[in-house]
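Report on one structure; see the data block that follows.
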Amino acid sequence: MHISVEPRDEYAILHLRGEFDTYYVPLMQTEIDALLKNGIARIVLNLRFVKFINSTALGAMIKASKQLSGKGGKLVVSRPSSFCRDIIEKVGLDRVVGVY
């Protein structure tokens with residue numbers, strides 16, 4: 001998986017591409033920690049090009065959402081692939097993290 005960061009004025013977009021699984025969870029967390037360190041607590045995860053996501057990655061998204069909320073921020077998902085949208089809805093993550 002590849003993650004690119006697109007900083008904006010008051011938030012940042014993390015563009016994820018590939019397969020989001022256990023191996024890449026620390027990479028996402030590192031990016032979120034760096035953004036928090038720079039005062040950015042509102043993050044959009046663009047999952048448009050994510051072909052696969054596993055339960056560990058979903059758990060990491062919940063953890064990141066709680067972490068950002070604790071800092072006055074928010075995590076949302078943008079443009080999930082059909083596979084990701086299906087999984088997110090099946091496990092009810094869309095009730096915790098906004099999906100747009």
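The values are calculated or read from the model by the stated rules, or taken from the named source; none is laboratory data. What you see is a predicted model; the values in this text were computed from it and never measured. For neighbour counting, all protein chains shown are included, and Cβ atoms are generated from backbone atoms with ideal geometry for every residue, glycine included. Side chains included, ligands, DNA and RNA excluded: accessible areas come from the protein's heavy atoms. Shrake-Rupley method; radii C 1.70, N 1.55, O 1.52, S 1.80 Å.
Observations on the model:
- Tally of residues being open to solvent by 40 Å² or more (accessible area, probe 1.4 Å) and in contact with a Leu (Cβ under 8 Å, 6 or more places away or on another chain) across region 88-98: 1
- Boolean, ALA34 is more than 16 Å from TYR100 (Cβ to Cβ) and open to solvent by less than 20 Å² (accessible area, probe 1.4 Å): no
- Test result for LEU58, modelled with pLDDT of 95 or more and within 16 Å of ILE87 (Cα to Cα): yes
- Against the criterion of being closer than 19 Å to HIS2 by Cα, touching a residue at least 24 places away in the same chain (Cβ under 8 Å), crowded, with 20+ Cβ neighbours inside 10 Å and in contact with a helix residue (DSSP H, G or I) (Cβ under 8 Å, 6 or more places away or on another chain), LEU47 qualifies.
- Just one of the listed residues (SER78, SER65) is of a type in the set (Ser, Thr, Tyr), open to solvent by less than 20 Å² (accessible area, probe 1.4 Å) and either modelled with pLDDT of 95 or more or within 21 Å of HIS2 (Cβ to Cβ) (or both), namely SER65.
- Strands (runs of 3 or more DSSP E) contained entirely in the chain, each with at least 2 residues that are more than 12 Å from the chain's Cα centre (by Cα): 2-7, 12-20, 42-53
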